[in-house]
Amino acid sequence: MDLNTVTDFIVPSPDAPAAGWQDGDAWLAGGTLLFYAPWPNLRRLRDLSQMGWPSITVTDDGLALAATCGITELHEFVPPPEWAAGPLLRQCVEEYLASFKVWNRQTVGGNICASLPAGPMITMTVALEATYLLWAADGSRRTVPAIDFVTGNLANVLRPGELLRSVHLPAASLARRYALRRFTLTKHGRSSVFLVGTHDASTGEFLITVTAATSHPFHVRFASPPTAVELTAGLDAAIPMEKYFDDPNGTPDHRRHLTYLFAEQLRTELAAT
Ligand SMILES: Cc1cc2nc3c(=O)[nH]c(=O)nc-3n(C[C@H](O)[C@H](O)[C@H](O)COP(=O)(O)OP(=O)(O)OC[C@H]3O[C@@H](n4cnc5c(N)ncnc54)[C@H](O)[C@@H]3O)c2cc1C
């Protein structure tokens, strides 16, 4: 849709992208959220598409994704075979509800910064214990664990003028075995529950990541694979009832029910292999 309050389009300098930041400015990535709904407070768009950041970089300690990495680029990426969790990258991309236009425009960083409960790049990066590199408006930088970034529906820790520069997925997380469960009301619908379990064979650690069911992601962590009773107790302790999300895709009760069901399935699946 037209954003008829927007009067300027800025191509930022890669060295100081937030220079001259004002109220009413917004970063523009793929634009699929920004041009999807009215945002009456927007005055200027700062286009990130020409920053020249390399999209995907494999390093000894893992994988770096630029915020501007296109979803289709990530979909085409072939991870090294030693990354047991490598296929999760592609699976999370495929969990998008997306038309041709949205599919080809949206970015990893745009999906994370949109901060919808059903953001699959949020699921992927939280499940693999990624860290996000943020650039503040004054040029300073900070690193935030993915689990701490999204704070609620359409809410995150970004400050005015701050941007998400890149995502780092550690090699140790990518080496873990994983399993996932997802629920949507319709075949191509938005996720209403999306859980990923991972198991680290070297340490024994077992991690359940709960997304889409809740207004922000949750980790439920165990030093070794839990019993069914321990798993239930862990979910009870980690996720208060009021954090289960309520929208037309599912009631909190429905989402909570599926979260416990799927978590138990992930527990038995990962224990069996
Ligand atoms: C039909 C339809 C279905 C959709 N289904 C889903 C869905 O199932 N799940 C879902 O999560 N979303 C969904 N969306 C919303 C949206 O398309 C996605 O979240 C998309 O991934 C956003 O990416 P983008 O690159 O287009 O971001 P943009 O629209 O460009 O930006 C999104 C937000 O993030 C900010 N932003 C972007 N990049 C950065 C950055 N690097 N640093 C700081 N801020 C930044 C922008 O200012 C804006 O506020 C849907 C949209 C449509 C139209």
Taking the chain as a Gaussian network, where each spring joins two C-alpha atoms under 10 Å apart, which residue of 60, 200, 148 fluctuates the most? 60
So which residue, out of 77, 206, 218, gets the largest mean-square fluctuation from a GNM of the chain using Cα contacts under 10 Å as springs? 77
Working from Cα positions, state the angle (0 to 90°, nearest 10) between the long axis of helix 228-238 and the longest principal axis of the chain. 30 degrees
With a point put 7 Å past each Cα toward its Cβ, work out how far residue 241 is from residue 61 in nm, to one decimal. 4.4 nm
Using the Karplus curve 6.51 cos²θ - 1.76 cosθ + 1.60 with θ = phi - 60°, what ³J(HN,Hα) values do you get for each residue of segment 124-133, in whole Hz, with x for Gly and Pro? 4, 6, 5, 4, 9, 6, 5, 10, 10, 9
Under a Cβ-Cβ cut-off of 14 Å, what is the net charge of the residues other than residue 7 that fall near it, where Lys and Arg count +1 and Asp and Glu count -1? -1
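Under the 0.36 nm per residue contour assumption, what length would be gained going from the current alpha-carbon distance of residue 155 and residue 19 to full extension?
Details: separation 136, 0.36 × 136 = 48.96 nm, distance 2.35 nm.
Going from the current span to full extension adds 46.6 nm.
State, as an integer percentage, the relative contact order of the chain based on alpha-carbon contacts under 8 Å between residues 6 or more apart. All intermediate terms of the calculation are to be shown ahead of the outcome.
Numbers: 554 pairs, mean separation 41.2, N = 273.
Over the chain, the number comes to 15 percent.
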Mean separation of Cα pairs under 8 Å and 6+ residues apart, divided by the residue count of segment 1-113: what relative contact order is that in percent? 27 percent
Residues in segment 46-66 that a label on residue 171 would reach, taking backbone N under 14 Å of a point 7 Å out along Cα→Cβ: 58-64
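Based solely on its DSSP helices, what 222 nm [θ] is calculated for the chain when runs of n ≥ 4 H residues each add -39,500 (n - 2.57) and the sum is averaged over all residues, nearest 500 deg cm²/dmol?
Value at 222 nm, helices only, nearest 500: -7500 deg cm²/dmol.
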So which residue, out of 35, 222, 183, gets the largest mean-square fluctuation from a GNM of the chain using Cα contacts under 10 Å as springs? 35
Using Cα-Cα distances under 8 Å and only pairs 6 or more residues apart, what relative contact order does segment 153-273 have, in percent? 23 percent
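Bear in mind that the values in this text are calculations on the coordinates, not laboratory data. These numbers were taken from a predicted model, which means no experiment stands behind them. As a convention, Cβ positions derive from the backbone with ideal geometry for all residues, glycine included, and neighbour counts pool all protein chains shown.
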